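A quick write-up on the structure given underneath.
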Amino acid sequence: MTLSSRERNSVIIGLVAVLLFLGLQYITFPLIDQYKTMKSQLEVKASLLQQYQARLHRLPQLEHELAERQARLEEVEQRMIGSSTSALGAARVQLILDDLANQRSGMKIKSTRVLDAKEHGIYTQIAVRVALTAQTKILTDFLYEIEHQPDALSVSELTIRVPNPKKPRDLRADIVIEALMKQSSEHDVPPPPEPDVKPRSATA
């Protein structure tokens, strides 16, 4: 069968159209998609590179901030209770409180109770509850001294009552004193020195 010139042209045009379609479908479009993907990846990598460069420029500042925080942490840890167990730490807190109370006439500790210790990572929180009687000025000085010891102590709870309304200055106080200690093995901790308690007035 012989094709006419017009039919041959139609067949050729059809073949070219099919080849163009196949070329677009399996070569051009995949290349375009690949180009878009590579461009997107390059943009992401460029953004990450800018972030890394910005962090690199901030590295000296970050190192300085880290050194300052480390120094502050070491300063705080130096004021923590230095004991190998929570029981010894609580005994240390009780000793400090007893010394403070004994240096004040008119103050009497009625009872002392060690509360359950709480673990916070490598630190242990110690708490001691004290019930005492004292006059207003003596109690004020006592509370001031608690939070100004070489060992870092803090008052977390305070309840004050007036047992006798005719003597409003005679108070009964229930106080919870807390302290932190860093967990360590017993042979790493030297025996704690006797508390160096120097009374100071809260109004000074």
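The values are calculated or read from the model by the stated rules, or taken from the named source; none is laboratory data. Treat the numbers as computed from the prediction; the structure is a model and nothing was measured. Quick reminder, even Gly has a Cβ in these numbers, built from the backbone with ideal geometry, and neighbours come from all protein chains shown.
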- Item | Residues that are of a type in the set (G, A, S), assigned to a helix (DSSP H, G or I) and surrounded by 12 or more Cβ atoms within 10 Å (Cβ to Cβ), drawn from segment 70-100 | S86, A87, G89, A90, A91
- Message: Out of everything in segment 151-174 that is touching an Asp or Glu at 6+ places or on another chain (Cβ under 9 Å) and over 21 Å from V114 (Cα atoms), what residue ends up being surrounded by the most Cβ atoms within 10 Å (Cβ to Cβ)?
- Response: V162
- Item | When residues of segment 109-132 are limited to those that are exposed (fewer than 12 other Cβ atoms within 10 Å of the Cβ) and not charged (D, E, K, R), the one modelled with the highest pLDDT | S111
- Out of curiosity, is K39 at pLDDT 75 or above, closer than 30 Å to E65 by Cα, assigned to a helix (DSSP H, G or I) and not acidic (D, E)? no
- Message: Just to be sure before I move on: is P193 touching a strand residue (DSSP E or B) at 6+ places or on another chain (Cβ under 7 Å), surrounded by fewer than 14 Cβ atoms within 10 Å (Cβ to Cβ) and either modelled with pLDDT under 90 or not in a helix (DSSP H, G or I) (or both) in the structure I sent?
- Response: no
- Message: Taking the criterion of being surrounded by 10 or more Cβ atoms within 10 Å (Cβ to Cβ), part of a helix (DSSP H, G or I) and either in contact with a strand residue (DSSP E or B) (Cβ under 7 Å, 6 or more places away or on another chain) or at pLDDT 80 or above (or both), would at least one residue in segment 6-21 satisfy it?
- Response: no
- Output yes when any residue across segment 94-114 is in contact with a strand residue (DSSP E or B) (Cβ under 9 Å, 6 or more places away or on another chain) and on the phi > 0 side of the Ramachandran plot, and no when none is. yes
- Which number in (1) out of contact with any helix residue (DSSP H, G or I) (no Cβ under 6 Å at 6 or more places or on another chain); (2) without any contact (Cβ under 8 Å) to a residue 40 or more places away in the chain; (3) closer than 14 Å to F142 by Cα marks the one condition that K118 misses? (3)
